[in-house]
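> Before we start, here is the structure in question, set down as structure tokens.
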Amino acid sequence: MDQREGVARADTAGLVSRTVRLPDASLSGLLRTLGKPNAVWTAPGEPTVTGYGAAAQVTADGPARFATVRERAGAVFESVDRPADAPVVARPRFLGGFAFHDGHSATAHWAGFPTATFVLPHVQVVTTPEATWLTVNAYGERASVERVEETIASVRERFDPEEHAAGPPPGVVSTARTTGRAEWRRQVEAATARIRAGDLEKVVLAQALDVTLDAPFSLPDALERLGETYPDCFRFAFRPTDGATFFGASPERLVTRDGRELRTGALAATVGRGETPDDDQQLEADLRSSAKYRHEHEVVAERIREQLQGVASNVATGERSVRKLATVQHLFTPITGETDEHVLSLAEALHPTPAVGGLPPDAALDVIRETETFDRGWYAAPVGWFDGAGDGTFAVALRSALARGEHVRPFAGAGIVADSDPDAEWAEVQLKYRPILDVFERTGDATPDAGGGDR
Ligand SMILES: C=C(O[C@@H]1C=C(C(=O)O)C=C[C@H]1O)C(=O)O
């Protein structure tokens, strides 16, 4: 370290950030050596970021929450002491997320999850296929290069990642539903009646399960299993306080901003996977050709293009394809553009897309609030990261669950349009629970059944 630099800047209030290289480590090794992270982010084509402790945390409420987070985080990035040759990939990043509704007031399940909260980790580890980097961040009057260097030394000393295979699934003791089958049928029928009456085009209705495990939730094991089955999904975990972890493996990018480049897309309309390649092809053919699925998908793509007006230029729509996941397949249309906006402003413009809200947006949000009997919390809302330049990625927090000790609450929903059939939508929701349930169930555990009774 340059001693003069340390002395000259030690008394400057601001962000001090230093990066060193660590021995290479897998995510599971990392999570087992550095203790409980408060943020984990793994995304296709991006480095994996894990964060421990907070150099700074910004929290916000209400309709202005996106702007408030941007302003408060902007203040933290205002004066940054970080060597010019430090690796860009290991730069300081805020990680966190938002609640689905701006009027979120955490019910007991979501205790500890504000309407918006982001952490700039004190200890931030970034892994790429080439290297593992440790960044230590400190912010405020007491931040100094000396203290940052001390933390780096102590993390290096403790850092001893060992490979561990995930343990066996903990097993599921019991499962209860927030929404029984008869109630779901009433909900979907009420929504389709409203759609036919003309004041609503589409609404995404969701439900949750209350799952009790046979052993406490293990984040390293859960992320390892999700990584095996969903390597191309956004795998995330957030633990804003000690109490609960919100985690998942979402297929849906809300938005990425990388310099001037903006990437988003429409992911909507769902069928299952076939038992045989022929069945699977048939399902894919139905997905591509059915008027219901195409409508459900097209309203999302069209609305996203509208939502981008004013925040992006040269908006272009790519070719529609079918995104195949372990238990479901979706229609997907990539959408790109150019932008000068902060990724938080883009997330604000896009959330909620009709893939998780509906159309018209306000009417759909009212129907969701009036209909759903559980608290969405952070489910189906933006989770991700941003940096000091306003670059970042947000995923839509789907195929997700809230875990607290032995209790796990997975969430799943389905887009309801005029000709939705309650039973088919019910079956679709059950398939969307699978990514989470498969992490925990042992063969032989009673599974909540896709076709059956009321509970
Ligand atoms: C709402 C969920 O998924 C969303 C709804 C979809 C649909 O209605 O077809 C498909 C993908 C997602 O945009 C969920 O996974 O809970």
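No value in this document is a laboratory result; all are computed from the given coordinates. Keep in mind that this is a model prediction, so the values were computed, not measured. Here Cβ is always computed from backbone atoms with ideal geometry, including for glycine, and neighbour counts include all displayed protein chains.
> Figure the gain on full extension for ASP85 and ALA67 (residue separation times 0.36 nm, minus the Cα-Cα span) and round it to one decimal in nm.
Extending this stretch completely gives an extra 3.4 nm.
> As a footprinting exposure proxy, order HIS164, HIS297 by other Cβ within 10 Å, with the fewest listed first.
HIS164, HIS297
> For the range 234-247, in order, what is each residue's ³J(HN,Hα) by Karplus, 6.51 cos²θ - 1.76 cosθ + 1.60 with θ = phi - 60°, in whole Hz (x at glycine and Pro)?
Once θ is set to phi - 60°, the couplings for the range 234-247 become 7, 9, 9, 8, 10, 9, x, 10, 5, x, 9, 10, 9, 9 Hz.
> Under 30 Å between alpha carbons, and skipping anything fewer than 8 positions from LYS36 in its own chain: which lysines qualify?
Straight-distance partners of LYS36: LYS432.
> Between the range 70-134 and the range 226-245, what is the C-alpha centre distance in whole Å?
Here the answer is 15 Å between Cα centres.
> Moving to a separate point now. Output ³J(HN,Hα) for the range 413-428: one whole-Hz value per residue in order, computed from phi by the Karplus curve 6.51 cos²θ - 1.76 cosθ + 1.60 with θ = phi - 60°, and x for Gly and Pro.
For the range 413-428, the Karplus curve yields x, 8, x, 9, 10, 3, 9, 5, 9, x, 5, 5, 5, 4, 4, 5 Hz.
> Give me the number: length gained by fully extending ALA215 to THR59, i.e. 0.36 nm times residue separation minus the C-alpha to C-alpha distance, one decimal in nm.
52.9 nm
> Ok, one more. For a quick check: with amide H placed at 1.01 Å from N, whose amide H comes under 5 Å from LEU325's, ignoring anything fewer than 5 positions away on the same chain?
When sequence neighbours closer than 5 places are left aside, the close amide H contacts are HIS330.
> Rounding to the nearest 20 debye, state how big the charge dipole of the chain is about its Cα centre with +1 on each Lys and Arg Cβ and -1 on each Asp and Glu Cβ.
Using only the charged Cβ atoms, the result is roughly 440 debye.
> Taking amide H positions as placed 1.01 Å from N in the peptide plane, with prolines and chain starts having none, which residues 5 or more places from LEU254, or on another chain, fall under 5 Å of its amide H?
PHE394, ALA395, VAL396
> Return the sequence-ordered ³J(HN,Hα) values of the range 380-388 in whole Hz as given by the Karplus equation 6.51 cos²θ - 1.76 cosθ + 1.60 applied to θ = phi - 60°, using x for Gly and Pro.
Working through the residues one at a time gives 6, 10, x, 10, x, 9, 8, 10, x Hz.
> Which peptide among 198-206, 322-330 comes first, and what is the full order, when sorted by highest mean count of other Cβ atoms within 10 Å?
Packing order, densest peptide first, comes out as 198-206, 322-330.
> Please give the calculated 222 nm ellipticity per residue for the chain, where each DSSP H segment of at least 4 residues contributes -39500 (n - 2.57) and the sum is spread over every residue; nearest 500 deg cm²/dmol?
That comes out to -9500 deg cm²/dmol.
> What order do you get for PHE159, PHE247 when you list them from fewest to most C-beta neighbours inside 10 Å?
PHE159, PHE247
> If we sort 65-78, 308-321 on the protection proxy, mean other Cβ atoms within 10 Å, highest first, what's the order?
Descending packing order for the listed peptides: 65-78, 308-321.
> Work out how much length GLU150 to GLU338 would gain on full extension: take 0.36 nm times their residue separation and subtract the Cα-Cα distance, in nm to one decimal.
Result for the pair: 63.5 nm of gain on full extension.
> Would you calculate the separation in nanometres between label points at ASP362 and ASP438, each defined as 7 Å from the Cα along the Cα-to-beta-carbon direction?
Taking the simple label geometry, ASP362 and ASP438 are separated by 4.1 nm.
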